Every structure is written in C-alpha cells, then in structure tokens.
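The values are calculated or read from the model by the stated rules, or taken from the named source; none is laboratory data. What you see is a predicted model; the values in this text were computed from it and never measured. Note that each Cβ is placed from the backbone with ideal geometry, even for glycine, and that neighbours are counted across all protein chains shown. The area values use the complete protein model at the heavy-atom level, side chains included, leaving out ligands, DNA and RNA. Shrake-Rupley method; radii C 1.70, N 1.55, O 1.52, S 1.80 Å.
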Amino acid sequence: MFEPTSVYTPAPNRYAPDSPVQYRRTGTSGLKLPSVSLGLWHNFGDNTPYETMTSLIFTAFDHGITHFDLANNYGPEPGAAEKNFGLILKKSLTAHRDELIISTKAGYEMWAGPYGDGGSRKYLLSSLDQSLTRLGLEYVDIFYHHRMDPETPLEETMGALAHAVQCGKALYVGLSNYDGPTLEKATALLDELHVPFIINQNRYNIFDRTIEKNGLKDTAKKLGKGIITFSPLDQGQLTNRYLDGIPADSRAAHDPRFLKASDLTATRIQQIRALNDLALQRGQSLAEMALAWILQDSAITSVLIGASKPAQILDNIRALENTEFSTEELEKINAIAESR
C-alpha cells in the first residue's frame, strides 16, 4: 500500500479571479466545471510511484482544477487508478471533497464473463458499486456510460443510470462516445425518468472532427448538454514532438496501441508543421494552440488533459491565457486539417 510522505495544504489562491482556469456551466445545468480537467486514464496505475501521482493531483488542485476523471478500467491493472486516487483522497483531500468533481465510467470490459462489459443494468450497477469501494466514496459526482452498446436496449441502460442517481450513488449522469442520434434518444428517456443528465465525453481535436460529423456536437448544443473532450493533442501529434518525423524514444515508435508510426504520414507531418507555424505566430506552442482551439468553442465545457509530470499541467494551463481566434485563423486551421 502506498503511503504519503507529507501533509498537503492546498494553495490558498487556487480560486483567484485572475486565474487562467475559469469555470464553465455544463450545458444548461447548474454545475460548473473547470475549463481544463485532469484525466486519470494514464499515469495512475500501479506502475506509477505514489509521489508522482500525488504531485499531479496536488498541482492540478493548487491551480483550480477541481475535476478528476476516471473509469472503472483505468490502470494498469483495471481498477488501479480508482484505488490509487481513492487513497490520495483519503490521505490528503478528505477535507476538500465538496470542492471536487469526481467522475467515473463503465462500459468497456472490466472483468471476465458476460456481465463485465457493455450496457446492461447488471454490469453498470455492479461496476459502480465496485468503483465506489475502490474510491472510498459514497457517491461520485458524474457517472457515465462509457460507450454505446447495440446489444442492450437503450431503455435498460438509461434505467440503470437513473437508478444510480435515485439511490444516491451519483449526483449527475453522462454519456461517453455516443453519436448524435443515440444521444437524442437517450436524452428523451432520461428526461422521462427525471434524471440529471448533463454532459457528453467524446474525443475531439483539430485532426479528429468525429463529433462534428456524427451529430453529437450539434445535438448536445441543441439539447443543452455539456461536452467534455479528450485526446486534445491527438496522442502527441498536436505537439512539437513529431515536427521532424518519429523520434526513436517516442510513443509512436514504442507503443502502437494509441499512435501508430503509419499514422504519421508525410502529409500529416506537413500538417503538423503548418499548424506549428500558425501557433508560433500566435505566440503559442502547438500544444497550447490545440487546447485553445477547442476551448474557443462555446459548445465545449471542459478539456481533459493527461500528464506524467506537473510541468505538463502548468503548460496546459498556459494555453488558457489566449483562447481567442480570428476568423482567418480558424479558417486556416480548418484548411490545414482538411488538406490531403
């Protein structure tokens, strides 16, 4: 079991009015989220030192990031991120629980057998109970269904989310990786059940415009639902990491699960260079511009960032200092992203 090395006292100016981290209303709900949230998909498994995890959480909270996003299967091993975050909560953040938004999800494979995956009532409610045990909490602030499940009636999945709220184990619910038409059907069901469904979590960045094409973005805005996006840097493509090709020590060279070397074609590298040139003209790094580009859109509530070092969190926060784009800049970004 990990143990902390010192007592943590949050920075007293974490909510300073002039902080780059501002709080945006989640759709038409009363809940506000920080413009940047910390995702625990990577770097919170049992292969990461406890001191590293605490430094990431403390750096985020010290700078006004109040939202921490998990899922049942984040690790390694699955469940480890919830367990480790739960320990940090217990040891260092118990007094600040009401300042935090803690979210988790279920939808992808978590345990063996027919009941450890998908969208069934059995799986979702069992998984939520397990997540609460690992986190050491009585409730999460947001509980998501992690993906659409065509094998389970939507009524059953939405009914399970409703039950999670009704029994006090979640304050709000969300949907992740849904498309526009399914979102609209789900919203109608949740409205009938009087469930506070407030947010969608989807992949979105300059290169990946899926939510623009599948109706999710427009439908969420029409229905008054928030959107929180992940992979804002497209697994490192929207950074200066690949300006000159694929470095020998890069993720693309060693970990093809998320970014393959074949993705970094000559055309893609030219796109990255062109975007980098535009970012430099704006006085930003490419990564800063990529985050700012997402947040210039009023339809977006928050952007999920990942980090392995506290300095990366601070770099991402700097992107919030300039989220204004001219029409010409936006048109140029679109033209670069669409070039072939």
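Here are the numbers for this structure:
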| read-out | value |
| --- | --- |
| Near pairs, Cβ below 7 angstrom, 6+ apart or cross-chain, from the stretch 197-221 (in a loop (DSSP other than H, G, I, E, B)) to any residue that is β-branched (Val, Ile, Thr) | 204/211; 204/229; 204/294; 205/294; 206/333 |
| Residue pairs meeting the criteria (Cβ under 9 Å; at least 6 apart or on separate chains; first under 16 Å from residue 77 (Cβ atoms), in the stretch 46-59; second of a type in the set (Lys, Arg)) | 46/83 |
| Members of the stretch 142-179 found to be under 18 Å from residue 226 (Cβ atoms) and either basic (Lys, Arg) or open to solvent by 10 Å² or more (accessible area, probe 1.4 Å) (or both), listed by number | 146, 165, 171, 172, 177, 179 |
| Any hit, the stretch 297-320, residues being among the charged types (D, E, K, R), in a helix (DSSP H, G or I) and free of Cβ contacts under 8 Å to residues at least 24 places away in the same chain | no |
| So residue 56, is it crowded, with 21+ Cβ neighbours inside 10 Å, closer than 19 Å to residue 111 by Cβ and either modelled with pLDDT of 95 or more or in contact with a strand residue (DSSP E or B) (Cβ under 6 Å, 6 or more places away or on another chain) (or both) | no |
| Per-region count, the stretch 180-200, residues over 23 Å from residue 139 (Cβ atoms) and open to solvent by less than 10 Å² (accessible area, probe 1.4 Å) | 2 |
| Enumeration of residues in the stretch 95-136 that are open to solvent by 70 Å² or more (accessible area, probe 1.4 Å) and either under 21 Å from residue 304 (Cβ atoms) or over 23 Å from the mean Cα position of the chain (by Cα) (or both) | 95, 108, 112, 114, 115, 121, 122 |
| Hits in the stretch 24-45 - residues which are open to solvent by 20 Å² or more (accessible area, probe 1.4 Å), without any contact (Cβ under 8 Å) to a residue 40 or more places away in the chain and not basic (Lys, Arg) | 30 |
| Hey, residue 19 of a type outside the set (Phe, Trp, Tyr), part of a loop (DSSP other than H, G, I, E, B) and touching a residue at least 40 places away in the same chain (Cβ under 8 Å) or not | yes |
